[in-house]
Amino acid sequence: MKERNSIAVLPFINRSNDIENEYFCDGITEEIINALTKIKQLKVIARTSSFAFKGKKIDIRKIGEQLGVNTILEGSIKKSQEIVRITAQLIDANDGSHYWSKKFDRELINIFDLEDEISIAIADEIRNNFGHFEVQDHLIKQPTSSIDAYQLFLKGRFNQLQWTPDALKKAIQFYNEAISLDVNYAKAYYGNVQCFELLTTWGYMSKEEGTEKVFINLMKAKEIDTHLPEYPMCYVNKCFWREWDFKSTYHYIKDVLAINPNHIDALDVMVKLFMAHGHFNEAIFYGKKLLEIDPLSANNQYIFANIYYYKGDFDITLHHITKAIHLRPDFDLAYHKKAVCLIALNKREQLENEFQFNPLWEKIQLLNEAVNENRNSLPKEVLSNFLSNHLKRDQLTLFELFILANTDYTNEAFELLKQFVSQKRGQILNYKQEPLLKPLRAFNDFYNLHVSNFSIDEIVDNQKTIETTKPLLLEEEQKELQNKLAAYFNEEKPYLDASLSLSTISEKLEISTNKVSFLINEVIGMNFNNYVNSYRLNHFKTIALDPKNSHLTILGLAYDSGFNSKSVFNTYFKKVEGNTPSQWVKYNKN
C-alpha cells in the first residue's frame, strides 16, 4: 500500500566524462536521501532499495509499486573541475507523469548549500502535490569546510558500502585522508569506527587492535559532534555485539531513533535485540518497519526470516530467505539458513538438489543425518576438528556446534557453546532460541550461560504510546487566514504567475510555509497544486469564452491563466470537467 507522502530517490546518473565520479553521484544521492529522512511525516525509501534500480531501465510505475511510494526522484550530475550541474525531476509513480524538474548549476564549493536547496525543493513539491507535512528551514548541515575532504569522505563511504573486508580497509584509507585535510571531520571518524567494528567482529582484525582503533576514532568524533545519529549508534554496536549489554543497547537505539526514526542500522539491531530474547511480536513490529522503508534489502529479508526461524515457523522463514537470495545471489548466510530450514522440514531431496555442490555440503549432510537419520557418532578426525572450532573466529554459521548438539556429543557441544558465549560471538547471540541447540537446553546451566540485563517489562515502546500534538493553527486562526488567503487570490490573482509557491504566499500573508501548507491541505482540504490550479482553471474558462480572445489558442490561454505545462493543464482540466479543453470550449460557445 502506497503512503500519500512518500518518495524513493533513485541513484543520480553520472554525466561526467570521468567514470570515477560514480562515487560522487552515489554520495550526493545518499546525502539527499538522508536529508529527506529528517522530515517526520515523509516516508523515504532507504538507500539499499533505491540503489537496487541503479543502471536498470524499469518503468517508473513498477518501481513505485515495488517500493510502495507515490513519488520518484531521478536526476543526473555533471562535475567538471570546480563546477557541478545537478538536474532533478519528480515523477508521479502512479501514472509516470513528470510534475517538476529543475537544473542547478553551482560551484563545487557550494555543494552543501546545493544539497540543502534541492532537498527542500523536493519536499515542497511533494507537499504541493500530495498533502501537508512540516519541513524544516534546513535539512543539511555543512559537515566540513574542505571540499576535497568531503570528496574523500564520499570515496570512503562508496567503498564502505561494498561490505567486504578489502573494501572496508580501502574505506578507512579514504576516511583517514579526509581527516588529514580536516581534523574536525566528525563523520569521517565515525566512518572509521564502523569499519573497524566490522573488521573486528568478522575476525579480520585482532580484537585488541580493533578495539583500540575504535576507541581512538570514537573519542575524537565525540569531541567534535555528538548530535549525529552515528554517535549513539557507535555505542549500540559496542554494547550489543562486543559487550552483550542489552539494556544499554536498547537505550542507545532509542537515542538513535530520536534523531532519525528510520535509521536502518538502529532498527536492524532493535529487531535482533528482541529476537535474541524471544520477544517475537516486538521483533516483528520493527522488522515490518525495516521492510517498509527498505523492502529490497536482502539483509532485511534475511533478518525478518530469522524471526520466524527462531519461532519455529520454517515455511515462512523459507519464503523470506528465498526473497533474500533472489535479491542477493551471493548471500552465503541466507543459503546457510535455507539449508537448516530444509533440514528442519526434513526435505532431503530438495536439500541435496540445491546444496550438493555447496562448499559446506559435507557439514550440511552430516547435520541432516544427525537431525533426521539418527546419526549419533562422528569419525575421530572429524570430531577433533569440530572441538577445535572455538579457535576460529571468521565462521559465518556454526555447523560444527549444531552437529555435535544433535549427536551423542552433547557434553562436548555444551562445552563448546560455553566457550562461544564467553567469547560473546555474534554468531551465537540467539543460542537460547536456536532450534538446532534444543538438545542442550536440558543442561542445568544452559539458561545461565549469559543472564541478560534487559527486561521487556522495563520499557515503554513508541508503538504503545499515542502522541498528542498541538495543531499548527487554532480554530480562530484558521478562519481568519482562510479569509485572508481567499482575498489575496481573488484581488491580486497571484495564480497567474506560473512560478507561484508556498514561500511566495507565506511572505505575502506573513506566516510560515508550514502554516500555509496546513491551511490549504488540512483546513481547506486540497493540496497546494489543486488549490492554485482551481483558480487558474476558472480564469481560463472566463477568458476562453470572451470573444476578444477568439484569436488565441487554447494552449496560449492556458499559459495566460498561469499553467506552465500543456500536460498538467490537459490532465487537470479533464479530471475536473470530464472532457478535454477543446471539447469544453466548443460546447460552451454554442
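The values are calculated or read from the model by the stated rules, or taken from the named source; none is laboratory data. Predicted model only: the values in this text are computed from it and were never measured. Here Cβ is always computed from backbone atoms with ideal geometry, including for glycine, and neighbour counts include all displayed protein chains.
A compact table of results
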{"item": "Residues located in the stretch 164-211, provided they are within 22 Å of the chain's Cα centre (by Cα) and free of Cβ contacts under 8 Å to residues at least 24 places away in the same chain", "result": "THR164, ALA167"}
{"item": "Count - residues of the stretch 25-47 that are in contact with a Phe, Trp or Tyr (Cβ under 9 Å, 6 or more places away or on another chain) and in contact (Cβ under 8 Å) with a residue 40 or more places away in the chain", "result": "11"}
{"item": "Hey, THR226 part of a helix (DSSP H, G or I) and either surrounded by fewer than 23 Cβ atoms within 10 Å (Cβ to Cβ) or charged (D, E, K, R) (or both) or not", "result": "no"}
{"item": "Matching residues in the stretch 329-352 - criterion: being surrounded by fewer than 20 Cβ atoms within 10 Å (Cβ to Cβ) and farther than 23 Å from PRO439 by Cα", "result": "PRO329, ASP330, PHE331, ASP332, LEU333, GLU349, GLN350, GLU352"}
{"item": "Within the stretch 1-86, helices (runs of 4 or more DSSP H) holding 2 or more residues that are farther than 25 Å from PHE153 by Cβ and in contact with a helix residue (DSSP H, G or I) (Cβ under 8 Å, 6 or more places away or on another chain)", "result": "60-67"}
{"item": "Cross-chain or 6+ apart pairs with Cβ under 7 Å, the stretch 330-357 first and within 19 Å of GLY312 (Cα to Cα) and without any contact (Cβ under 8 Å) to a residue 24 or more places away in the chain, then surrounded by fewer than 17 Cβ atoms within 10 Å (Cβ to Cβ) and of a type in the set (Lys, Arg)", "result": "none"}
{"item": "Failed item, numbered, when SER50 is tested on (1) more than 19 Å from HIS98 (Cα to Cα); (2) without any contact (Cβ under 8 Å) to a residue 60 or more places away in the chain; (3) of a type in the set (Ser, Thr, Tyr)", "result": "(1)"}
{"item": "Listing of helices (runs of 4 or more DSSP H) fully contained in the stretch 108-213 that carry 2 or more residues being surrounded by 16 or more Cβ atoms within 10 Å (Cβ to Cβ) and at pLDDT below 90", "result": "111-130, 186-201"}
{"item": "Residue that is farthest from the chain's Cα centre (by Cα), among those in the stretch 353-368 that are surrounded by 10 or more Cβ atoms within 10 Å (Cβ to Cβ) and in a loop (DSSP other than H, G, I, E, B)", "result": "GLN356"}
{"item": "Conditions (1) surrounded by fewer than 22 Cβ atoms within 10 Å (Cβ to Cβ); (2) within 19 Å of the chain's Cα centre (by Cα): number failed by ALA46", "result": "(1)"}
{"item": "Selection count where residues are under 23 Å from ILE126 (Cβ atoms), in a helix (DSSP H, G or I) and of a type in the set (Ser, Thr, Tyr), scope the stretch 484-514", "result": "5"}
{"item": "Verdict on VAL271 being within 26 Å of GLN301 (Cβ to Cβ), outside the structural domain of ALA46 (by TED's automatic domain parsing), crowded, with 23+ Cβ neighbours inside 10 Å and touching a Gly at 6+ places or on another chain (Cβ under 8 Å)", "result": "yes"}
{"item": "Lone unmet requirement of (1) under 18 Å from TYR150 (Cα atoms); (2) at pLDDT 90 or above; (3) surrounded by fewer than 21 Cβ atoms within 10 Å (Cβ to Cβ) for GLY68", "result": "(1)"}
{"item": "Subset of the stretch 219-245 [within 24 Å of the chain's Cα centre (by Cα) and over 22 Å from GLU31 (Cα atoms)]", "result": "TYR235, VAL236, ASN237, LYS238, CYS239, PHE240, TRP241"}
{"item": "Filter result for ILE316 (surrounded by fewer than 23 Cβ atoms within 10 Å (Cβ to Cβ), among the β-branched types (Val, Ile, Thr) and assigned to a helix (DSSP H, G or I))", "result": "yes"}
{"item": "Candidate set: the stretch 524-578, residues that are in a loop (DSSP other than H, G, I, E, B) and among the polar types (S, T, N, Q); chosen: the one farthest from LEU496 (Cα to Cα)", "result": "SER550"}
